[in-house]
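Below: the structure, in structure tokens.
The values are calculated or read from the model by the stated rules, or taken from the named source; none is laboratory data. This one's a predicted model, so the numbers in the text were calculated from it and none came from an experiment. A quick note on method: Cβ atoms are made from the backbone with ideal geometry, for glycine too, and the neighbour counts reach across all protein chains shown. For accessibility, only protein heavy atoms count, side chains too; no ligands or nucleic acids. Shrake-Rupley method; radii C 1.70, N 1.55, O 1.52, S 1.80 Å.
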Amino acid sequence: MRTRAKVAMEGEAPVQGRTSDLGANGVSISLADPLLVGQTGVVAFDLLVDGKSVPISARAKALYCIFSSGEFKVGFQFLNLELNAMTAIARYLR
């Protein structure tokens, strides 16, 4: 899944990125600059579920940050995912 994403870590300005992988518990987002492992903030992106765009916004924690192909791939774990977001992600992953 590759779609535009916005990442707003606590105490920092929001940055744009692209999702590269999505699971029930988190998402991987490619960014131009690295993030510190353990940082928390909000990730936001849109999912196409049953032909409709569903906005997902979730608190998340950076679990890893790897430099690859000229960008930083950051793995985020969702924290306290809201029910509507959880449902949309589950439907997308089916």
- line: For the chain, averaging the sequence separation of alpha carbon pairs under 8 Å that lie six or more residues apart and dividing by its residue count, the contact order in percent is 27 percent
- request: Assign unit charges at the C-beta atoms only (+1 for Lys and Arg, -1 for Asp and Glu), then state the dipole size of the chain relative to its Cα centre in Debye, rounded to the nearest 20.
  value: 260 debye
- prompt: Can you give the net charge of the other residues whose Cβ lies under 15 Å from the Cβ of residue 10, counting K and R as +1 and D and E as -1?
  reply: +2
message: If I stretch the segment between residue 85 and residue 66 completely, what's the gain in nm (0.36 nm per residue apart, minus their alpha carbon distance), one decimal?
response: 4.2 nm
statement: Of the candidates 62, 25, 48, the farthest towards the positive dipole end of the chain (Lys/Arg Cβ +1, Asp/Glu Cβ -1, centred on the Cα centre) is 48
task: Mind pulling the angle between the C-alpha long axis of helix 83-93 and the longest principal axis of the chain? Nearest 10 degrees, somewhere in 0 to 90.
output: 90 degrees
Qualifying lysines (Cα of each under 21 Å from Cα of residue 52; at least 8 residues distant if same chain): 6
- prompt: Within the accessible area of the chain, what % is carbon and sulfur when the probe is 1.4 Å and the other protein chains stay in place?
  reply: 53 percent
task: Please work out the average accessible area per residue across the chain, using the 1.4 Å probe convention, and give it in Å².
output: 60 Å²
